[in-house]
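The values are calculated or read from the model by the stated rules, or taken from the named source; none is laboratory data. This is a predicted model, so every value here is computed, not measured. Virtual Cβ from ideal backbone geometry, glycine too; neighbours counted across all protein chains shown. Calculation scope for accessible area: heavy atoms of the full protein, side chains included, ligands and nucleic acids excluded. Shrake-Rupley method; radii C 1.70, N 1.55, O 1.52, S 1.80 Å.
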Amino acid sequence: MPIMSYLIHPVPGKEKELQVALNRLPGCESFAAYNSELLILITDTLSEEDEWLLQTRLDELPELHGLTLVSSFAESAL
C-alpha cells in the first residue's frame, strides 16, 4: 500500500480546478496551502501498479504545472 505526499504546482489561476480534479481521482486527497499557490496531495493506493496508473493520470492533468514528491511509504520497504 504505497502512500505518497507531494507538493503540487498548479498552472497559475487554475488552483481550484486542479484541486477538484485531484480530489476526484481515487486514492487522492488534496489541500490548498496557506499561500494558495501550492496544493498538498496525499495518495493512498492498493499496490505499486495502482500507484503507477495514478501517476499516469496525474501527468495528464492540464492544470498541473509541477509535481514534487515529498515523502513515500510502502509496506514492501519494511
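Before moving on, here are some points about what is shown:
- The calculated FRET efficiency for residue 7 paired with residue 49, based on their beta-carbon distance and R0 = 22 Å, is about 0.35.
- Put simply, the amide H of residue 63, placed in the peptide plane, has no neighbours under 5 Å, leaving out anything fewer than 5 places away on its chain.
- Each residue of the range 58-70 was assigned a 3J(HN,Hα) from its phi angle through the Karplus curve 6.51 cos²θ - 1.76 cosθ + 1.60 (θ = phi - 60°); the sequence is 4, 4, 8, 6, x, 7, 8, 9, x, 9, 10, 6, 9 Hz, with glycine and proline shown as x.
- Interchain or long-range residues, amide H under 5 Å from residue 38's placed H: 33
- Angle in degrees between helix 15-24 and the longest Cα principal axis of the chain, rounded to the nearest 10: 30
- With only the Cα atoms considered, the chain has a convex hull volume of 75 Å³ per residue.
- When the surface is traced with a 1.4 Å probe over the full set of protein chains, residue 30 keeps roughly 10 Å² accessible.
- Cut-off 10 Å between beta-carbons: net charge of the residues surrounding residue 32, Lys and Arg +1, Asp and Glu -1: -1
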